[in-house]
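These notes concern the structure reproduced below.
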Amino acid sequence: MPFDKDIESITGLRDTAGGSWNAIDPSNVARMRLQNRFKTGLDIAQYTADVMRADMDAYDADSSQYTQSLGCWHGFIGQQKMIAIKKHFGTTKRKYLYLSGWMIAALRSEFGPLPDQSMHEKTSVPALIEELYTFLRQADARELGGLFRELDAAPDAAARAEVQSKIDNFQTHVVPIIADIDAGFGNAEATYLLAKKMIEAGACALQIENQVSDEKQCGHQDGKVTVPHEDFLQKIRACRHAFLELGIDNGIIVARTDSLGAGLTKQIAYSKEAGDLGDQYNSFLDCEEVTVDTMGDNDVVIKRDGKLMRPKRLPSNLFQFKAGTGEARCVLDSITSLQNGADMIWIETEKPHIAQIGGMVSEIRKTVPNAKLVYNNSPSFNWTLNFRQQVFDAWTEEGRDVSAYDRANLMSSAYDESELSVEADKRIQTFQADSSREAGIFHHLITLPTYHTAALSTDNLAKEYFGEAGMLGYVAGVQRKEIRQGIACVKHQNMSGSDMGDDHKEYFAGEAALKAAGKDNTMNQFG
């Protein structure tokens, strides 16, 4: 409802209540309503699902319309990202947030820092979603509060109309969150229960992976163990049921396959007949032919093409896949997931290589033509080394002279200004656009960016502040840059909600309000 119309509606409510409501200013209530547009997490989930679905349609029509996000581990971090995006680009369009299970494990668990192995409290996942949206809604309230002050201070009708237009066309900081549910934290029922909590907190997109939940590993570490397709599909169905039960009929499920780097499975898949999904899964097992006479007493065997085959079983009681089958398993995983309820796929790779990703997507799209990927632009990759080596290999294949370069040592700073490194940086710069065009990637995310930026900035501040620079280390390295770059947090009292509190005091107490933003507030030093 337009701001002016809402004021009229609230005025009618006040008048109906009689004299006891006469102290209520309808304009103040309308402002508070506008500052609290989203009342529940389900309101947010529905709004952001609509946004994401529209973006998916736009990408299908034009692959340059891909989306991006950065991983978050705290509400303040997510809030500041969206404030920065609005400041620099004027819009949050096609910019999301990613909720990283890795960062919850490392930074939010009551057990202390943990590896990405689903050992953290699963309740911390919906709690972080709720926290992120609390901070994003506060960013809306803060920015609108500033606009209301401009409206009150407008010197004439023209200025007032200009500010009113900004209010009427205000773009929210609330954006889609792609939320990591790991491998579901248990069986399909456990997945369903957690999915409900995440959706109720505001999640419109759930990302689930095909690893064994109690053997889960980070996608970029060794020792990954996958499950047969039917086990994974049960969890996809559990997520869909959770969305439908809560009325988010267009919720998004991202099915992640870790098969490229997973050489192990905990189970031999159930199969009814040759060629079914279970049989296809088992066909990738590393087996050797045996006879009844050569079998051991406790061997597990399967029959294939009339022969007895013994899958390779490790002391861990896990079964091993044949080497070199990772890409084929990823393709089968992706097709199966998309045909059984998933909306997009996520293929975890060991390097950012467009040809590798594009080759798998090309095979997937033979069956599912509009297949779209979410891709992890991971800090686990050494981007500099990978792309320098890719350029080195491409130039070698072209017959160019690469004798000035040592392929194994291309990370050396000695190459930083070289022609090869300049070319590699160009390819890194255009990787997202190129891979979205050539490899079907709809959404690019970085899982752990603020984990690394927090460590880097803290290291720089500590070095300066505790070193010779002393207080200048903070002033020159932080505060002066905040002022020069217009970082809102330089007025940290305002960012924490002090001015909004003053507004409410005035709404409730009028001239008797004791406000914090008086002449003695040191935030006034920042203009």
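The values are calculated or read from the model by the stated rules, or taken from the named source; none is laboratory data. Keep in mind it's a predicted model, so treat the numbers as computed, not measured. Using ideal geometry, Cβ is built from the backbone for each residue, glycine included, and neighbour counts are taken over all protein chains shown.
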Within segment 473-500, restricting to residues that are small (Gly, Ala, Ser) and loosely packed, with under 14 Cβ neighbours inside 10 Å, the one that is modelled with the lowest pLDDT is GLY486
So the helices (runs of 4 or more DSSP H) completely within segment 74-170 holding 3 or more residues that are farther than 28 Å from ASN377 by Cα are 124-153, 157-168
Only one of GLU398, GLU350 is among the charged types (D, E, K, R) and loosely packed, with under 15 Cβ neighbours inside 10 Å, namely GLU398
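Have a look at ILE252, ILE248 and point out the one that is more than 17 Å from the chain's Cα centre (by Cα), over 19 Å from MET119 (Cα atoms), buried (at least 17 other Cβ atoms within 10 Å of the Cβ) and at pLDDT 95 or above.
On inspection, the qualifying residue turns out to be ILE248.
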Taking first residues from segment 513-527 that are touching a residue at least 40 places away in the same chain (Cβ under 8 Å) and second residues anywhere that are of a type outside the set (Gly, Ala, Ser), the pairs with Cβ under 6 Å that are 6 or more apart or on different chains are PHE526/VAL490; PHE526/LYS491
| query | Any chance segment 284-291 includes a residue that's β-branched (Val, Ile, Thr) and over 20 Å from the mean Cα position of the chain (by Cα)? | reply | yes
LEU277 fails exactly one of (1) buried (at least 18 other Cβ atoms within 10 Å of the Cβ); (2) assigned by TED's automatic domain parsing to the domain that holds LYS366, namely (2)
For segment 257-270, pairs from a residue that is part of a strand (DSSP E or B) to a residue that is among the acidic types (Asp, Glu), with Cβ under 6 Å and 6 or more apart or across chains, are THR257/ASP333
When restricted to MET52, MET32, the only residue farther than 27 Å from GLY146 by Cβ, surrounded by 14 or more Cβ atoms within 10 Å (Cβ to Cβ) and of a type outside the set (Phe, Trp, Tyr) is MET52
Counting only residues in segment 286-337 that are among the hydrophobic types (A, V, I, L, M, F, W, C) and exposed (fewer than 11 other Cβ atoms within 10 Å of the Cβ), the one farthest from CYS239 (Cα to Cα) is identified as VAL292
Condition met for GLY101 (of a type outside the set (A, V, I, L, M, F, W, C), touching a residue at least 12 places away in the same chain (Cβ under 8 Å) and touching a Phe, Trp or Tyr at 6+ places or on another chain (Cβ under 8 Å)): no
